[in-house]
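Reviewing the structure listed below.
No value in this document is a laboratory result; all are computed from the given coordinates. None of the values given here were measured: they were computed from a predicted structure. Cβ placement follows ideal geometry from the backbone for every residue including glycine, while neighbour counts extend to all protein chains displayed.
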Amino acid sequence: MLKLYYATGTCALATYITLEEAGADYAAERLSFKTNQQNSAEYLAINPKGRVPALVTDRGVLTETPAMLAYLAQTFPKAKLAPLDDPFDFAQVQSFNSYLCSTVHINHAHKMRGARWASEESSFADMKAMIPKTMGACFSLIEQKMYKGPWVMGEQYTICDPYLYTLSTWLEGDSVDINATPKIADHFKRMSDRPAVRKVMDAQKA
Ligand SMILES: N[C@@H](CCC(=O)N[C@@H](CS)C(=O)NCC(=O)O)C(=O)O
């Protein structure tokens, strides 16, 4: 059985939703960031990066959201979560998810995790002040140049959709108006109504 380590309000939501969409047999264990559980000796033995998500498989532990999402799409092909038979289309999925991971997520991280990049208080304030601009610019680019509709990759729902949804949940806290990107606002509403998303959101409240 697969085991997901996650924390609420984090990028782990994308993998959590994908486990549900895939119909996987899995367990989810919540970590508390309040108590810094991600840096406990017990968890560091699972993921030495001290981050969530981590997915324990029968072959070892996977980390990094795009890798985990691709792994789930390939492991559960019947769920049709990626265009597995077409190298170019699959690369487009990976390209989109890599952008979320390496650029959008990093912009967002400047709010709470500025100490990774600077040590002066004034630097933290500067980084935080930039977030509406950098996150807003990323979402505008996604809306205008990347998003195909009705799902991220077009007609087929893929592993890009729960990942975009997850990062969209951060926009309000980042002072970015989701309605400035109407296609993404509509995507967010439709994602919120999916049974898998509802189930995971409810499970996180429990
Ligand atoms: N590139 C990683 C990022 C993982 C990551 O930074 N996760 C955050 C939550 S969104 C985390 O665990 N932060 C805890 C910390 O920085 O102490 C991925 O996409 O999975």
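Can you list the residues, at least 5 places off or on another chain, whose amide H is less than 5 Å from the amide H of K148, using H built in the peptide plane?
M153, G154
In the chain, what percentage of the DSSP-assigned beta bridges are antiparallel, given to the nearest 5?
So the antiparallel bridges in the chain amount to around 60 percent.
Modelling each spin label as a point 7 Å along the Cα-to-Cβ direction, I'd like the R30/K145 distance in nm, to one decimal.
For R30 paired with K145, the spin-label model returns 3.9 nm.
Per residue of the stretch 149-154, what does 6.51 cos²θ - 1.76 cosθ + 1.60 with θ = phi - 60° give for ³J(HN,Hα)? Whole Hz please, x for Gly and Pro, Karplus curve as stated.
Here the 3J(HN,Hα) series is x, x, 10, 3, 9, x Hz.
For the stretch 46-143, which chymotrypsin sites (Phe, Trp or Tyr not before Pro) are both in a DSSP coil and crowded by at most 13 other Cβ atoms within 10 Å?
For chymotrypsin sites (Phe, Trp or Tyr not before Pro) across the stretch 46-143 that sit outside H, G, I, E and B with at most 13 neighbouring Cβ atoms in 10 Å, the list reads W117.
Towards the positive end of the charge dipole of the chain, with charges on Cβ (+1 Lys, Arg; -1 Asp, Glu), say which of Y71, G136, F33 has the farthest Cα.
Going by the charge dipole, the pick is F33.
Can you tell me which aspartates and glutamates have their Cα less than 14 Å from the Cα of K78? Leave out same-chain residues fewer than eight positions away.
K78 reaches E20, E21.
How would the stretch 10-152 be classified by its alpha-carbon gyration tensor: rounded, prolate or oblate, with rounded meaning a/c under 1.5 and the a/b versus b/c comparison settling the rest?
oblate
For K49, give me every one of the aspartates and glutamates with a C-alpha distance below 19 angstrom, ignoring sequence neighbours fewer than eight places off in its own chain.
E29, E64
Only Lys, Arg, Asp and Glu count, each charged at its Cβ (+1, +1, -1, -1), so figure out the dipole size of the chain about its Cα centre, rounded to 20 debye.
About 260 debye.
Simple spin-label model, 7 Å along Cα-to-Cβ: S119 to A91 in nm?
4.3
Just how many pairs of Lys in the stretch 87-194 have C-alpha atoms closer than 22 Å, counting pairs that are eight or more places apart or on different chains?
Within the stretch 87-194, the lysine pair count is 8.
Give me the dipole magnitude in Debye, nearest 20, for the stretch 1-85 about the Cα centre, with unit charges on the beta carbon: positive for Lys and Arg, negative for Asp and Glu.
180
About its Cα centre, what dipole magnitude does the stretch 87-194 give when the only charges are +1 on Lys and Arg Cβ and -1 on Asp and Glu Cβ, stated in debye to the nearest 20?
80
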